[in-house]
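Novice: One structure, as structure tokens, below. Some questions next.
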């Protein structure tokens, strides 16, 4: 049974701290040892010649106020499903999930609307919606949208709070938050010490999965240069550490059973389980997830069930914070 720690309601900057001042629990698969540290000390646990693979996806202001049958609701855009169609989620103004009735129209800001076409892959929560816009979605969201926020986030933080230092390619409905504690200064320190950094892109959909739901398809891109560097690092005995479960999903999508990584892009349906295992990565930097989260299956593949359980119990006992503004977990070989 995975223990639950406290929610992180605000980002560390609101308390006069740097992003990298969050707590870091380091777990070693080979020894079972757990070490409590600060994320700013990450370099102490990496070696020259190791590789960090990061997600360059930037976060869209993907939540839009809307009206359904005259009542106010919030529309969350998740993933494109066609030229004008998007996978969407409806929420109440209190940020609670709302069943999306097929065929209904939503009134959106700017005098435009959207039509709920059908449930998405049988979900009771997600729908495919057609957006009747007269401009690109990204431009519309820039004028009328705001970041997706959940009930554990009390403050209405700006979009900048939901971006990582690696953000470059707009497309994520929610921040790939494992990289949030990185700062430009910390990256510079790591690179100066011989740690390599390489990019992939995976655009995250909405993460509020219902109990029992598996991750939905997401868009990804693994560049040829990153694939070559991953293979080279593994050849010389370095360690490949994914910064976030999104990076794991992208790399494992293009990894052969022997760990060789190829370039690739498209839509990934991969679901990483302990039974499948991991081929491309040695380590993982991640946040802390709820017990019902689908991410825990991937984390169990990375850490093993016993070490993962010990890590969560230790994090709970130490008061580690969950969710996108919370503390961090480094799983090493």
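Novice: Would you mind putting 247-254, 49-56, 83-90 in packing order, based on average other-beta-carbon counts within 10 Å, highest first? Let's see the in-between values first.
Specialist: Numbers: 247-254: 26.0, 49-56: 23.1, 83-90: 19.8.
Ranked by mean Cβ neighbours within 10 Å, highest first: 247-254, 49-56, 83-90.
Novice: Let me ask another. By what distance, in whole Å, do the Cα atoms of the chain stretch along each of the three principal axes, largest value first?
Specialist: 58, 40, 37
Novice: If packing is taken as the average count of other Cβ atoms within 10 Å, what order do 136-143, 113-120 fall into, highest mean first? Numbers along the way, then the final one.
Specialist: Values: 136-143: 13.9, 113-120: 18.2.
Top to bottom by mean Cβ count within 10 Å: 113-120, 136-143.
Novice: Shifting gears a bit: For every helix of n ≥ 4 consecutive DSSP H residues, a contribution of -39,500 (n - 2.57) applies; sum these over the chain, divide by its total residues, and give [θ] at 222 nm rounded to the nearest 500 deg cm²/dmol. Don't skip to the end; give the middle numbers.
Specialist: Numbers: 6 runs with 61 residues, N = 333.
Theoretical 222 nm ellipticity from helices: -5500 deg cm²/dmol.
Novice: Please give the length that would be gained between residue 313 and residue 69 if that part of the chain were fully extended, namely 0.36 nm times their separation in residues minus their C-alpha to C-alpha distance (nm, one decimal). Working shown, then result.
Specialist: Numbers: separation 244, 0.36 × 244 = 87.84 nm, distance 4.57 nm.
This chain segment gains 83.3 nm when fully extended.
Novice: Is the range 63-144 rounded, prolate or oblate when judged by the Cα gyration tensor, a ≥ b ≥ c being the square roots of its eigenvalues, rounded requiring a/c under 1.5 and prolate requiring a/b larger than b/c? Spell out each step's value before the answer.
Specialist: Working: a/c = 1.55, a/b = 1.14, b/c = 1.36.
Oblate is the answer for the range 63-144, as a/c is 1.5 or above yet b/c matches or exceeds a/b.
Novice: Let me ask you something else. Report the gain in length on full extension from residue 47 to residue 34: 0.36 nm times residue separation, minus Cα-Cα distance, nm rounded to one decimal.
Specialist: Working: separation 13, 0.36 × 13 = 4.68 nm, distance 1.82 nm.
Value of the extension gain: 2.9 nm.
Novice: At 0.36 nm per residue, and after removing the present C-alpha to C-alpha distance, how many nm does the segment from residue 169 to residue 99 gain when stretched out fully? Walk me through the numbers on the way to the answer.
Specialist: Details: separation 70, 0.36 × 70 = 25.20 nm, distance 3.08 nm.
This chain segment gains 22.1 nm when fully extended.
Novice: Find the relative contact order for the range 63-144 and round it to a whole percent, using C-alpha pairs within less than 8 Å whose residues are 6+ positions apart. Provide the component values of the computation, followed by the final result.
Specialist: Details: 172 pairs, mean separation 21.1, N = 82.
Averaging sequence separation for qualifying contacts and normalising by length gives 26 percent for the range 63-144.
Bear in mind these aren't lab numbers, they're just calculated from the coordinates by the rules spelled out. These numbers come from a predicted model, not from an experiment. No Cβ is skipped: glycine too gets one built from the backbone with ideal geometry, and neighbour counts run over all protein chains shown.
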